[in-house]
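Participant: Shown below is the structure under consideration.
The values are calculated or read from the model by the stated rules, or taken from the named source; none is laboratory data. The model shown is predicted, which means the values in this text are computed figures rather than measured ones. Backbone-built Cβ (ideal geometry, glycine too); neighbour counts: all protein chains shown.
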Amino acid sequence: MHILAIISGEYGQRHVDNIRAHGPADWTVEVWRAPAVLPPVIDYPEDHLPAALPPADLILSFGEHPGVAELLPDIVRMTGARAVIAAVDSEVWLPRGLARQLRGWLQDMGIVCVTPKPLCALTEMDYSIGRRQRIEYEDPLIAEFARHFGQPNLRIAVDPKSRCITSAEVLRDSVCGCARYVAPRLVGVSADDAEQEAGLLHHHYPCLASMGIDTDYGDTLMHISGNLLKNNVGVQVKPFKRIQYIIPGTKSE
């Protein structure tokens, strides 16, 4: 698969570095760095695009300016791409209304576009755009990408005697590499503490999703991203957690 990643700064570069380091060997990842400054409304996209871009099957948009989304239809035409993943890790970078417009523009061109919010809410079948709001899609290129990168999925083994994690295998990494960072650091952690530790490690990585309150969630996208990882860990360690019972009217030992 030929991928073109559009970046603006460190946020996108970290994604690209992780995909290149841990993606399948038959993937090629080219990068185009978008202009750092774009006008509020882009009337002539060609004024802000290079003379040529490499051919691509899949576009990954990690822009840190809403103007990047306005360039995507022309980028698709230039590259011959058949699918687009536009990350929404900040409403400032890609507002919900523009994300909806982008999906419509590309749909009219016969191109599947997904706008996962946050980016690590992407699976092989659907993605999230808000609390209890998931959109299903059908596209083999996006699904192939999401088999390897998207909503974090770890395979955790726990020693039933010690109730400590003995291994944590990454089945699907976060695009930024957070899940791959967290997994080995969970080994040796008690099942009782695993969720909390996963959340702390997620923030320490650090997650670069927005820390502002997102109105579609009523929470920060950084917190939503952390919960996706914590929930994946929590389901697997739950059978090994110690349950404490409190009987009213009695003293604890």
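Participant: Can you name every residue in the stretch 125-155 that is crowded, with 18+ Cβ neighbours inside 10 Å, part of a loop (DSSP other than H, G, I, E, B) and either within 14 Å of the chain's Cα centre (by Cα) or modelled with pLDDT under 95 (or both)?
Facilitator: Passing the criteria: Gly150, Gln151, Pro152.
Participant: Further, regarding this structure: Among Ala52, Ala34, which is the only one that is within 23 Å of Leu221 (Cβ to Cβ), aliphatic (A, V, I, L, M) and not assigned by TED's automatic domain parsing to the domain that holds Asp173? So that I can check it myself, show each step before the final result.
Facilitator: Numbers: Ala52 fails: within 23 Å of Leu221 (Cβ to Cβ).
Step by step, each of Ala52, Ala34 is checked, and only Ala34 is within 23 Å of Leu221 (Cβ to Cβ), aliphatic (A, V, I, L, M) and not assigned by TED's automatic domain parsing to the domain that holds Asp173.
Participant: Can you name every residue in the stretch 101-124 that is charged (D, E, K, R) and within 18 Å of the chain's Cα centre (by Cα)? Can you show your working first?
Facilitator: In the first step, residues of the stretch 101-124 are kept if they are charged (D, E, K, R); the result is 103, 108, 117, 124.
Of everything in the stretch 101-124, those that are charged (D, E, K, R) and within 18 Å of the chain's Cα centre (by Cα) turn out to be Arg103, Lys117, Glu124.
Participant: If the requirement is being touching a helix residue (DSSP H, G or I) at 6+ places or on another chain (Cβ under 9 Å), farther than 21 Å from Val31 by Cα and not small (Gly, Ala, Ser), which of these qualifies: Leu98, Leu71, Leu94?
Facilitator: Working: Leu71 fails: farther than 21 Å from Val31 by Cα; Leu94 fails: farther than 21 Å from Val31 by Cα.
None of the others qualify; the one that does is Leu98.
Participant: Assess whether Val88 counts as being within 19 Å of the chain's Cα centre (by Cα) and assigned to a strand (DSSP E or B). Reasoning before the result, please.
Facilitator: Details: within 19 Å of the chain's Cα centre (by Cα): yes; assigned to a strand (DSSP E or B): no.
So Val88 fails the test.
Participant: Report the residue count in the stretch 1-50 for those that are part of a helix (DSSP H, G or I) and either surrounded by 13 or more Cβ atoms within 10 Å (Cβ to Cβ) or not small (Gly, Ala, Ser) (or both).
Facilitator: Step one: list which residues in the stretch 1-50 are part of a helix (DSSP H, G or I), which gives 10-22, 45-48.
Next, from what is left, pick out any that are either surrounded by 13 or more Cβ atoms within 10 Å (Cβ to Cβ) or not small (Gly, Ala, Ser) (or both): 10-20, 22, 45-48.
Here the count works out to 16.
Participant: Further question: Mind counting the residues in the stretch 78-105 that are free of Cβ contacts under 8 Å to residues at least 12 places away in the same chain and within 22 Å of Glu144 (Cα to Cα)?
Facilitator: 0
Participant: Further question on the same structure: Return the residue satisfying two criteria in turn: it lies in the stretch 173-232 and is surrounded by 17 or more Cβ atoms within 10 Å (Cβ to Cβ), in contact with a Phe, Trp or Tyr (Cβ under 9 Å, 6 or more places away or on another chain) and without any contact (Cβ under 8 Å) to a residue 24 or more places away in the chain, and of such residues it is farthest from Arg134 (Cα to Cα).
Facilitator: Residue satisfying both the conditions and the ranking: Leu201.
Residue-by-condition table, conditions (1) among the basic types (Lys, Arg); (2) under 18 Å from Ile19 (Cβ atoms); (3) in contact with a Lys or Arg (Cβ under 9 Å, 6 or more places away or on another chain):
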residue: Gly97; (1), (2), (3): no, no, no
residue: Arg103; (1), (2), (3): yes, no, no
residue: Ile111; (1), (2), (3): no, no, yes
residue: Pro116; (1), (2), (3): no, yes, no
residue: Cys120; (1), (2), (3): no, yes, no
residue: Glu136; (1), (2), (3): no, no, no
residue: Arg155; (1), (2), (3): yes, no, no
residue: Thr166; (1), (2), (3): no, no, no
residue: Glu169; (1), (2), (3): no, no, yes
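Participant: For the subset of the stretch 39-53 comprising residues that are out of contact with any Ser or Thr (no Cβ under 7 Å at 6 or more places or on another chain) and either acidic (Asp, Glu) or within 22 Å of Arg14 (Cα to Cα) (or both), which member is modelled with the lowest pLDDT?
Facilitator: Asp43
Participant: What number goes with the only condition from (1) over 20 Å from Ile3 (Cα atoms); (2) of a type in the set (A, V, I, L, M); (3) not in a strand (DSSP E or B) that Met78 does not pass?
Facilitator: (1)
Participant: Can you tell me which residue within the stretch 233-245, out of those that are of a type outside the set (Gly, Ala, Ser), over 10 Å from Val158 (Cα atoms) and modelled with pLDDT of 95 or more, is surrounded by the most Cβ atoms within 10 Å (Cβ to Cβ)?
Facilitator: Val233
Participant: Here is a further query. Inside the stretch 72-90, can you point out the residues that are of a type outside the set (A, V, I, L, M) and in contact with a Leu (Cβ under 8 Å, 6 or more places away or on another chain)?
Facilitator: Step one: filter the stretch 72-90 for residues of a type outside the set (A, V, I, L, M), giving 73-74, 77, 79-80, 82, 89-90.
Scanning the stretch 72-90 gives Pro73, Asp74, Thr79, Arg82, Asp89, Ser90.
Participant: Looking at this structure, is His223 closer than 24 Å to Ala21 by Cα, at pLDDT 95 or above and part of a helix (DSSP H, G or I)?
Facilitator: Numbers: closer than 24 Å to Ala21 by Cα: no; at pLDDT 95 or above: yes; part of a helix (DSSP H, G or I): yes.
Spelling it out, it is not the case that His223 is closer than 24 Å to Ala21 by Cα, at pLDDT 95 or above and part of a helix (DSSP H, G or I).
Participant: Another question about this same structure. Answer yes or no: is there a residue in the stretch 173-193 that is in a strand (DSSP E or B), within 22 Å of Ile7 (Cα to Cα) and either among the charged types (D, E, K, R) or assigned by TED's automatic domain parsing to the domain that holds Gly97 (or both). Break it down into steps so the answer makes sense when it comes.
Facilitator: Keep residues of the stretch 173-193 that are in a strand (DSSP E or B), which gives 173, 190.
With within 22 Å of Ile7 (Cα to Cα) added as a condition, the list becomes 173.
With either among the charged types (D, E, K, R) or assigned by TED's automatic domain parsing to the domain that holds Gly97 (or both) added as a condition, the list becomes 173.
Yes, the stretch 173-193 has at least one match.
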